[in-house]
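Report on the following structure.
The values are calculated or read from the model by the stated rules, or taken from the named source; none is laboratory data. The model shown is predicted, which means the values in this text are computed figures rather than measured ones. Note: ideal-geometry Cβ built from the backbone for every residue, glycine included; neighbour counts use all protein chains shown. With ligands, DNA and RNA removed, areas are computed over all heavy atoms of the protein, side chains included. Shrake-Rupley method; radii C 1.70, N 1.55, O 1.52, S 1.80 Å.
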Amino acid sequence: NVRNDIIIRGGAPNENVFYLDGIEIPVINHFQTQGSSGGPQGMLNVSFIEDVKLSSSAFGAQFDNALASVFEIKQREGNPERVSGNIRLSGTEIAGTLEGPINPKTNFLVSARRSYLQVLFKALDLPIRPSFWDFQFKVAHKIDDKTTVTALGVGAIDHFTLVAPRNATPENQYILDATPTINQWNYTTGIGIKRLINKGFINVALSRNVFNNSVDRFEDRQEGDESKRILKIRSQETENKFRLDVNKFVNGWKFSYGGMAQYVQYTSDYYNRLVKEQTDDQGNVTVPEQVINFNTDIDFVKYGFFGQVAKNFFNQRLLISGGIRTDMNTFMDS
């Protein structure tokens with residue numbers, strides 16, 4: 001199983017938090033396991049990345065839900081002089097990138113990628129058929145000398161199924177029939193505002209992310225025939241986020257404080273036929289159907305506040321930083 005799970009200081013992959021230009025990105029991989037952060041193929045366009053900062057301990061109090069590490073990824077801005085781009089072709093995918101100025105104060109970056117692994121694997125007569133799309137953009141606009149607005153987005157469409165090879169054995173066919181078809185899509189989009197103030201700056205971030213999972217399995221792979229359905233899973237996670245932080249620098253001290261609010265929704269629809277109904281020649285039921293069927297619809301609000309202070313000592317050889325954070329939610333009454 002080839003995956004790029006990130007494990008830091010013994011933490012699970014879902015204990016890492018990723019920020020792209022100040023916007024939290026919950027999904028960074030194709031075919032990602034729900035509730036985790038790993039997957040076999042990365043989504044982010046690495047040619048957009050200018051800098052990455054990893055905090056594997058003592059990360060700032062402004063980061064909520066971080067247990068193992070925080071990745072702060074900074075993207076470069078588009079070419080301010082002229083429009084340019086490229087098309088890349090590899091053995092598994094084709095990708096295109098375009099960048100340039102929109103006006104003297106605005107520039108953009110945009111990319112799209114399409115895999116054709118399913119074509120290659122079909123030619124090689126392999127049973128797996130993965131395919132994906134991904135998209136990414138960034139637009140930066142300088143309102144004035146003190147205020148910059150950045151809009152960004154990342155999204156992907158994933159499809160995974162299995163097809164019997166030409167010389168499939170009965171054992172191979174059984175495994176293929178027992179494996180469901182998986183479809184996923186996700187996106188994160190957000191707007192960040194940075195405003196310079198006296199001896200510091202203010203950051204405001206507003207974002208939305210959605211992760212949608214669909215899993216289906218039918219008898220003898222008769223896709224779409226509901227009478228043959230064995231398994232159906234539909235789940236969707238949606239988060240709408242707002243964060244404000246103020247950063248001040250006074251006599252070598254850095255003071256940060258702010259808060260965040262989130263509206264979270266989670267829905268799921270689950271159906272699994274464990275045993276198919278069986279009847280005798282007279283139509284009498286000899287084995288009753290056994291089914292698991294349920295759905296979930298949850299929504300709640302999360303909010304939190306933080307404060308942090310830091311200072312360098314001994315010619316910046318020693319950094320001492322301390323912070324406090326409190327988080328609340330409406331998921332439970334107590």
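Restricting to region 161-188, name every residue that is of a type outside the set (A, V, I, L, M, F, W, C), open to solvent by less than 60 Å² (accessible area, probe 1.4 Å) and part of a loop (DSSP other than H, G, I, E, B).
Pass one, region 161-188, residues of a type outside the set (A, V, I, L, M, F, W, C): 161, 165-167, 169-174, 177, 179-181, 183-184, 186-188.
Next, only the ones that are open to solvent by less than 60 Å² (accessible area, probe 1.4 Å) stay: 161, 165, 169, 177, 179-181, 183-184, 186, 188.
Within region 161-188, Pro165, Thr169, Thr179, Pro180 qualify.
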| So which residues in region 279-294 are in a loop (DSSP other than H, G, I, E, B) and within 16 Å of Arg229 (Cβ to Cβ)? | Glu289
| task | Could you identify the single residue in Glu237, Glu223 that is open to solvent by 20 Å² or more (accessible area, probe 1.4 Å), in a strand (DSSP E or B) and of a type in the set (Asp, Glu)? | result | Glu237
| task | Give the residues of region 24-63 that are under 19 Å from Lys241 (Cβ atoms) and of a type in the set (Gly, Ala, Ser), sorted by residue number. | result | Gly35, Ser37, Gly60, Ala61
| note | Scanning region 26-66 for residues that are more than 25 Å from Phe108 (Cβ to Cβ), within 17 Å of the chain's Cα centre (by Cα) and not polar (S, T, N, Q) gives Phe31, Gly35, Gly38, Gly39, Pro40, Phe63, Asp64, Ala66
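Residues are listed down the side, and each one gets a yes or a no for (1) modelled with pLDDT under 95; (2) of a type in the set (A, V, I, L, M); (3) touching a helix residue (DSSP H, G or I) at 6+ places or on another chain (Cβ under 8 Å):
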residue	(1), (2), (3)
Met43	yes, yes, no
Glu77	yes, no, no
Pro101	no, no, no
Lys122	yes, no, no
Leu126	yes, yes, no
| remark: Filtering region 134-160 down to residues that are part of a strand (DSSP E or B), of a type in the set (Lys, Arg) and touching a residue at least 40 places away in the same chain (Cβ under 8 Å) yields Lys138
| field | The listed residue being under 19 Å from Ser207 (Cα atoms), open to solvent by 70 Å² or more (accessible area, probe 1.4 Å) and out of contact with any Leu (no Cβ under 9 Å at 6 or more places or on another chain), out of Phe305, Phe300 | value | Phe305
| field | Residue that is farthest from Tyr270 (Cα to Cα) [pool: residues in region 283-297 that are surrounded by fewer than 10 Cβ atoms within 10 Å (Cβ to Cβ) and within 35 Å of the chain's Cα centre (by Cα)] | value | Asp297
| Just a yes or no: is a residue in region 254-269 open to solvent by less than 70 Å² (accessible area, probe 1.4 Å) and more than 30 Å from Tyr303 (Cβ to Cβ)? | no
| task | Answer yes or no as to whether Ser131 is in a strand (DSSP E or B) and either farther than 27 Å from Gly42 by Cα or touching a His at 6+ places or on another chain (Cβ under 8 Å) (or both). | result | yes
| query | Out of all the residues in region 312-334, which are more than 15 Å from Arg243 (Cα to Cα) and either within 31 Å of the chain's Cα centre (by Cα) or surrounded by 14 or more Cβ atoms within 10 Å (Cβ to Cβ) (or both)? | reply | Asn312, Ser321, Gly322, Gly323, Ile324, Asn329, Thr330, Phe331, Met332, Asp333, Ser334
| task | Determine which single condition Asn209 fails, assuming it passes every other condition in (1) modelled with pLDDT under 95; (2) touching an Asp or Glu at 6+ places or on another chain (Cβ under 6 Å). | result | (1)
| Restricting attention to region 99-127, and to residues there that are of a type in the set (A, V, I, L, M, F, W, C), touching a residue at least 24 places away in the same chain (Cβ under 8 Å) and surrounded by fewer than 15 Cβ atoms within 10 Å (Cβ to Cβ), which single residue is nearest to Leu176 (Cα to Cα)? | Leu126
| request: Inspect all residues belonging to region 264-278 and state whether any of them is at pLDDT below 95, acidic (Asp, Glu) and in a strand (DSSP E or B). | output: no
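With respect to Lys248, determine if the residue is in contact with a Ser or Thr (Cβ under 6 Å, 6 or more places away or on another chain), part of a strand (DSSP E or B) and either of a type in the set (D, E, K, R) or free of Cβ contacts under 8 Å to residues at least 24 places away in the same chain (or both). Outline the logic, then answer.
Working: in contact with a Ser or Thr (Cβ under 6 Å, 6 or more places away or on another chain): no; part of a strand (DSSP E or B): yes; either of a type in the set (D, E, K, R) or free of Cβ contacts under 8 Å to residues at least 24 places away in the same chain (or both): yes.
Taking the combined requirement at face value, the residue does not satisfy it.
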